[in-house]
Amino acid sequence: MREQSWIVEKEEEEYVLPSTQLSSAFFAASALCSFPLRFFESEKRFSPAASDQLDGLLKSQTCEMSNAYLFCLTEQVLHELISSLQFIEETVKVFGFEAQWYLYPKAEKNAAAKKQWPQAIAFLHEALKFCHLNYQVEEAFSSWRGPRIEVKLFDSLNRQWKGPQLEFDLFSAESFALASQAKGLQSTPWVIRWTALGSTERWIALLIEQNEGRLPFWLAPEQVRIFPIGEKVIEYAKKIQVLMLNQNLRVAIDKRQHPLAEKIYDATRQRVPYLVIVGDKEERENRLTVRSFDDKTAKTDVEIKDFLALLSKENLFDQQNADDKEH
């Protein structure tokens with residue numbers, strides 16, 4: 001268990017924090033049901049990196065990581081690998097990252113279950129090729145737990161950062177005697193761990209950098225803010241809000257009795273992608289005045305249907321749903 005735990009030494013005292021992988025293995029060992037078994041756990045990970053090696057959210061001493069743990073039989077391994085890799089690939093694509101895939105096949109001298117390494121490596125090669133992923137085999141680094149796949153994400157300086165990962169855990173299956181716990185099972189199940197994001201903090205940092213200091217439109221907590229000029233047009237503002245809410249957009253109305261310039265300044269600081277201004281003229285002509293975060297120049301006489309079409313196009317998930325319906 002020591003190898004599966006996070007160990008920190010401070011002032012000649014040793015502190016041990018077991019990995020969540022341990023609990024998944026215990027669950028699998030006690031579960032008398034059919035395979036594959038799939039568990040999801042979110043854990044906080046710790047790194048003993050020195051302060052001069054840290055780099056904000058890109059490399060911190062602690063990070064949040066969401067992991068999937070798969071327990072499956074030999075005939076199920078390839079299907080589980082392909083499904084997991086496709087999920088990772090789609091996640092990277094949705095967020096728009098430039099990435100490079102790596103396969104790390106090398107085992108350390110004291111690596112676990114060395115007899116299974118060649119078969120595990122063969123599984124990874126076959127799954128990567130099935131998914132048509134362009135990958136590099138990296139022999140410079142070794143692992144004791146099992147061969148693994150890593151996706152490195154590029155930042156604006158073309159540096160590579162560790163992102164999603166998938167690896168065999170050849171240690172846990174043997175250590176927790178999974179085969180002897182399941183009725184009628186002749187061989188030890190395979191254990192696979194994968195994460196679609198890697199460090200959540202690093203993922204967010206790269207995403208914000210990629211989008212120049214803000215989240216993409218489809219992820220913005222507030223996508224549109226409406227400013228009614230005077231109480232007379234509040235009902236018109238609510239009408240516009242309802243139209244946007246019907247398109248699954250996140251929109252709010254700023255009814256504060258503050259100067260318009262101050263309210264626009266607040267919304268800009270909060271990185272709201274689109275600001276909509278409505279007054280007597282807009283209500284009379286059934287149009288909008290729109291200002292985007294990217295273009296600080298307000299556009300007048302914008303037709304409602306045209307603006308809604310623009311928002312729908314930018315809202316990634318809505319666009320994907322529309323494409324799915326067409327097919």
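The values are calculated or read from the model by the stated rules, or taken from the named source; none is laboratory data. Quantities reported herein were computed from a predicted structural model and do not represent experimental measurements. Using ideal geometry, Cβ is built from the backbone for each residue, glycine included, and neighbour counts are taken over all protein chains shown.
Need the failing condition index for Ser312 against (1) under 30 Å from Gly96 (Cα atoms); (2) among the small types (Gly, Ala, Ser); (3) at pLDDT 95 or above; (4) assigned to a helix (DSSP H, G or I), just the number.
(3)
Since Arg291 meets every condition but one in (1) farther than 24 Å from Arg214 by Cβ; (2) assigned to a strand (DSSP E or B), which condition does it not meet?
Every condition holds for Arg291 apart from (1).
Are there any pairs, at least 6 apart or on different chains, whose C-beta atoms fall under 8 Å, with the first in segment 137-159 and assigned by the TED database to the domain that holds Phe171 and the second surrounded by 18 or more Cβ atoms within 10 Å (Cβ to Cβ) and acidic (Asp, Glu), and if so, which?
Ser143/Glu167; Arg145/Glu167; Arg145/Asp169; Gly146/Glu167; Gly146/Asp169; Pro147/Glu167; Arg148/Glu167; Ile149/Glu167
Where residues in segment 202-245 are modelled with pLDDT of 95 or more and among the acidic types (Asp, Glu), which of them is farthest from Cys63 (Cα to Cα)?
Glu235
Based on this model, can you work out whether Arg291 counts as free of Cβ contacts under 8 Å to residues at least 12 places away in the same chain and in the same structural domain as Phe307 (by the TED database)?
No: the conditions fail for Arg291.
Could you please find all residues in segment 220-234 being in a loop (DSSP other than H, G, I, E, B) and within 27 Å of the chain's Cα centre (by Cα)?
Scanning segment 220-234 gives Ala220, Pro221, Glu222, Gln223.
Just one of (1) under 30 Å from Leu58 (Cα atoms); (2) at pLDDT 95 or above trips up Glu262, so point out which.
(1)
Mind listing whichever residues of segment 287-312 are of a type in the set (S, T, N, Q) and either within 18 Å of Ala220 (Cα to Cα) or surrounded by 12 or more Cβ atoms within 10 Å (Cβ to Cβ) (or both)?
Thr289, Ser292, Thr300, Ser312
If I filter segment 113-129 down to residues being within 18 Å of Trp194 (Cα to Cα) and hydrophobic (A, V, I, L, M, F, W, C), which single residue comes out as surrounded by the fewest Cβ atoms within 10 Å (Cβ to Cβ)?
Ala122
Within segment 264-286, track down each residue that is crowded, with 18+ Cβ neighbours inside 10 Å and not hydroxyl-bearing (Ser, Thr, Tyr).
Passing the criteria: Ile264, Ala267, Val272, Pro273, Leu275, Val276, Ile277, Val278, Glu282, Glu283.
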